[in-house]
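The values are calculated or read from the model by the stated rules, or taken from the named source; none is laboratory data. These numbers come from a predicted model, not from an experiment. FYI the Cβ positions are ideal-geometry reconstructions off the backbone, even for glycines, and counts take in every protein chain you see.
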Amino acid sequence: MAAEVAEEIHARPAQVALAWLWHHAEVASAIAGARLVGQLQENLGALTVTLSDDARRRLDAASEPFTSREPLGEYRIDEVKEGAS
């Protein structure tokens, strides 16, 4: 989703992700992880990224935690097959 929003607003996905994080009060800090000067410059470009309410809603929806009605979902083993040791 970050890549889609980035394309729409002519930004890089990392910039969108960082800009989105800064809109969340529960995020105390964002670790950008830049190893090269170019990466740092790109990340700093997130300071100029403006996300619309729609873009923020879409990113929020994409980042909702996965939930299942059943613990472990399809990977749950309900019974041991007969004859299995």
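Data overview
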{"read-out": "Flag if Ser52 is in contact with a helix residue (DSSP H, G or I) (Cβ under 9 Å, 6 or more places away or on another chain), at pLDDT 85 or above and not charged (D, E, K, R)", "value": "yes"}
{"read-out": "Matching residues in the stretch 46-57 - criterion: being part of a helix (DSSP H, G or I) and over 16 Å from Ala14 (Cα atoms)", "value": "Asp53, Asp54, Arg57"}
{"read-out": "Matching residues in the stretch 9-39 - criterion: being surrounded by 13 or more Cβ atoms within 10 Å (Cβ to Cβ), of a type outside the set (Val, Ile, Thr) and in a helix (DSSP H, G or I)", "value": "Pro13, Ala14, Gln15, Ala17, Leu18, Ala19, Trp20, Leu21, Gln39"}
